[in-house]
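Notes to accompany the following structure.
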Amino acid sequence: MVNKTGTVWEYACRDYLQAMGLTVLRAAGSHGAADLIAWDEKDVLLIQCKKESVKKSYGGDVRRLREMVCPKEWRRQLWVKSGRGAYIYDLGDNITSEIDMKIMRGKSREVKE
């Protein structure tokens, strides 16, 4: 069964990253640790995109991202859509950042135009 709202969120994240100048590869129908792999000259990001749910725990997703075999300098992140907001949890730095959804929507539109 396809999770349409999850897929829409993945596309929004992809579009945002592309508008920020990163190259992005989306793992369609991903059942692996990362939904998106994004990179530029200096960074590689492994990203799991999730829609927040009261019943959902992200422990398994975080564990799979941490267990991925890849160079240690690659950054692993969990991007969570929560109501009208969104958050990035950087697993390496243990930093949480809020995404400004107005900017994200604007950046996504720039990519499509």
Quiz item: Of the residues 25, 17, which single one is modelled with pLDDT of 90 or more, aliphatic (A, V, I, L, M) and surrounded by 13 or more Cβ atoms within 10 Å (Cβ to Cβ)?
Solution: 17
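Residues checked against (1) assigned to a helix (DSSP H, G or I); (2) over 10 Å from the mean Cα position of the chain (by Cα); (3) in contact (Cβ under 8 Å) with a residue 24 or more places away in the chain:
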position	(1), (2), (3)
18	yes, yes, yes
33	no, yes, yes
57	no, yes, no
63	yes, yes, no
76	no, no, yes
Quiz item: When you go through (1) loosely packed, with under 12 Cβ neighbours inside 10 Å; (2) modelled with pLDDT under 90 one by one for residue 42, which number turns out not to apply?
Solution: (2)
Quiz item: For segment 65-74, what are the residues that are assigned to a helix (DSSP H, G or I) and either of a type in the set (Asp, Glu) or farther than 18 Å from residue 17 by Cβ (or both)?
Solution: 66, 67
Self-check item: segment 77-86, subset surrounded by 16 or more Cβ atoms within 10 Å (Cβ to Cβ) and out of contact with any Phe, Trp or Tyr (no Cβ under 6 Å at 6 or more places or on another chain), residue modelled with the lowest pLDDT
Solution: 86
Self-check item: Failed condition for residue 103, given (1) of a type in the set (Val, Ile, Thr); (2) at pLDDT 80 or above; (3) surrounded by 11 or more Cβ atoms within 10 Å (Cβ to Cβ)
Solution: (2)
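The values are calculated or read from the model by the stated rules, or taken from the named source; none is laboratory data. These figures come from a predicted structure and were not determined experimentally. Neighbour counts run over all protein chains shown; Cβ positions are idealised from the backbone, glycine included.
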